[in-house]
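The values are calculated or read from the model by the stated rules, or taken from the named source; none is laboratory data. None of these values were measured; they are calculated from a predicted model. Note that each Cβ is placed from the backbone with ideal geometry, even for glycine, and that neighbours are counted across all protein chains shown. Only protein heavy atoms, including side chains, enter the accessible area calculation; ligands, DNA and RNA are left aside. Shrake-Rupley method; radii C 1.70, N 1.55, O 1.52, S 1.80 Å.
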Amino acid sequence: MSLTDDIARLKSDLTAAVAAAADEPALEAVRVAALGKKGSVSALLASLGTMAPEDRKTAGPAINGLKTEIAGLIDAKGAELRAAALNARLQSERLDVTLPVAAAPTTQGRIHPISQVWDEITAIFSDMGFKIAEGPDIETDWYNFTALNFPEGHPAREMHDTFFLQPGPDGTRNVLRTHTSPVQIRSMKKTNEKPAAPYLTPAIDPPIRIIAPGRTYRHDSDQTHTPMFHQVEGLVIDKSSHIGQLRWVLEEFLKAFFEVPNVTLRFRPSFFPFTEPSMEVDVGCDRSGPEVKIGEGSDWLEILGCGMVHPNVLRNVGLDPDVYQGFAWGMGIDRLAMLKYGMNDLRAFFDADKRWLDHYGFKPFDLPTLFGGLSS
C-alpha cells in the first residue's frame, strides 16, 4: 500500500473519531492519539527522515496538510462541545430573575367591612331623605346624659359602664360618648337656635330627619362587644310623626340593607330614658344553618331599639312637646356587618389582620348604591 493510501485511510479514521467524540475528554484522547508525540500523524512525520529526497518532497506537504486538517477538525469540534456544555450548564443553572407585572393598587386595597356597612346605611337613609349628622366623640355629661333624660344615679353614669375623663378646672368630667344620641341633641339645639349674627344662615324649624353614625365607647369586651364600637341612630321630629312611620322606616331600611323582598318585625315593650314608649325590635330570621338568614324562617333576632322621643328631651332642647313629636332608633353597625356578611367574632374587626381583611374586605370602587346593589 502506498503512502498516499495510508494518508487517505488515516484521514478518514481520524475524521470519524473526531466526529464521534461525545465530550471534551474524548476529543482530547483523539488529539493525543493523532497529534501527540506518539500519535499516528506524528509517526508519519517522523518517517520523513527515512525517505529518499524525491519522495520527501511529495510526502512532506501531504503529511503536514493532514496534520493541519486534523488539528482544524479537532479545534472546531472542541468549540462545538464547549458551546454545548455551556448551554447545558446554563439550562441546568437557569434562574428566572424577571418580575411579574405588578397589580394595580386599586386591585390590592380593601375597604373594611365597617366602612362598607357605614356607606350602605348612609346610601339607604339618604335615599329616604335623611341627612347625615355628626358630633364629637368626647361629650359633656349634659349632652351624653342629662339632656337625654338620664336621671341621677342611672347605671350608665357609673364608672364600670362609662369611660370618664379627668375632671376639668371647674370639677366637671367629660365622657367618651356611650351612644350617638348626643348628636340628636346637638342637631335639635342647632335647629332651634337663633343665628348669632344677621349674616349667618337663619336656623330652620322642624321637620328634622337625620341619621348619626359614629364611634361609641363602653366598658365591655367579649366575642360580641368591644370597648369601642360603631352605632347609627336616627331621629325624626315633626308635628305629625307617629309609630306607623317609624315602623315603615325600619322595614324599608332592613329590606334594603339585607337585600330581601320582605321582613317581619316584632315590637316588644322596653325602657330607654330618652323615648316613651320605648321598644325593642326583633326581625324574623332562619337560624337552622351556619348563618342567620334575615327575612325567612320562624325564628326571631333582636336587632335594634326605638321609640317616640320623650317629651323631656324635647323640652331640654327648647322644643314644645305639645307642638312637636318624633321618633328615634339606634342600632350597632358592627352587629349589622356581622349579620349580613357572616362574621362571628367582633374582635377580629380590630385585629388588623390583612388575611382577614383580604377575605372580608371590599374592592375600593365597589361603592354601595341602591340601584347598583349595596354589596355588589
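What to note about this one:
- Qualifying residue in the stretch 156-176 (condition: part of a strand (DSSP E or B), at pLDDT 90 or above and open to solvent by less than 60 Å² (accessible area, probe 1.4 Å)): yes
- Selection count where residues are modelled with pLDDT under 95 and of a type in the set (A, V, I, L, M, F, W, C), scope the stretch 224-236: 2
- Comparison of 74, 124 shows that the only residue that is more than 30 Å from residue 250 (Cα to Cα), among the β-branched types (Val, Ile, Thr) and open to solvent by less than 100 Å² (accessible area, probe 1.4 Å) is 74.
- Test: residue in the stretch 342-349 that is closer than 24 Å to residue 113 by Cβ, among the aliphatic types (A, V, I, L, M), more than 19 Å from the chain's Cα centre (by Cα) and part of a helix (DSSP H, G or I): no
- Scanning the stretch 98-109 for residues that are touching a residue at least 12 places away in the same chain (Cβ under 8 Å) and either open to solvent by 70 Å² or more (accessible area, probe 1.4 Å) or in contact with a Cys (Cβ under 8 Å, 6 or more places away or on another chain) (or both) yields a count of 1.
- Residues within the stretch 272-291 that are under 16 Å from residue 327 (Cβ atoms) and open to solvent by 40 Å² or more (accessible area, probe 1.4 Å), tallied: 4
- Within the stretch 325-339, the set of residues being part of a helix (DSSP H, G or I) and open to solvent by less than 40 Å² (accessible area, probe 1.4 Å) comprises 333, 334, 336, 337, 338, 339.
- Residues of the stretch 223-266 that are touching a residue at least 60 places away in the same chain (Cβ under 8 Å), charged (D, E, K, R) and over 23 Å from residue 205 (Cβ atoms): 252, 259.
- Hits in the stretch 306-321 (condition: of a type in the set (Gly, Ala, Ser) and open to solvent by 30 Å² or more (accessible area, probe 1.4 Å)): 318
- Residue that is nearest to residue 255 (Cα to Cα) [pool: residues in the stretch 310-332 that are among the aliphatic types (A, V, I, L, M) and within 40 Å of the chain's Cα centre (by Cα)]: 331
- Residue check, residue 203 over 21 Å from residue 308 (Cα atoms), at pLDDT below 85 and not in a strand (DSSP E or B): yes
- Qualifying residue in the stretch 227-244 (condition: assigned to a helix (DSSP H, G or I), surrounded by fewer than 19 Cβ atoms within 10 Å (Cβ to Cβ) and not β-branched (Val, Ile, Thr)): yes
- Residue check, residue 56 surrounded by 12 or more Cβ atoms within 10 Å (Cβ to Cβ) and either in contact (Cβ under 8 Å) with a residue 24 or more places away in the chain or within 24 Å of residue 82 (Cβ to Cβ) (or both): no
Residue-by-condition table, conditions (1) touching a residue at least 12 places away in the same chain (Cβ under 8 Å); (2) more than 60 Å from the chain's Cα centre (by Cα):
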{"position": "5", "(1), (2)": "no, yes"}
{"position": "10", "(1), (2)": "yes, yes"}
{"position": "25", "(1), (2)": "no, yes"}
{"position": "32", "(1), (2)": "no, yes"}
{"position": "48", "(1), (2)": "yes, yes"}
{"position": "65", "(1), (2)": "no, yes"}
{"position": "79", "(1), (2)": "no, no"}
{"position": "83", "(1), (2)": "no, no"}
{"position": "91", "(1), (2)": "no, no"}
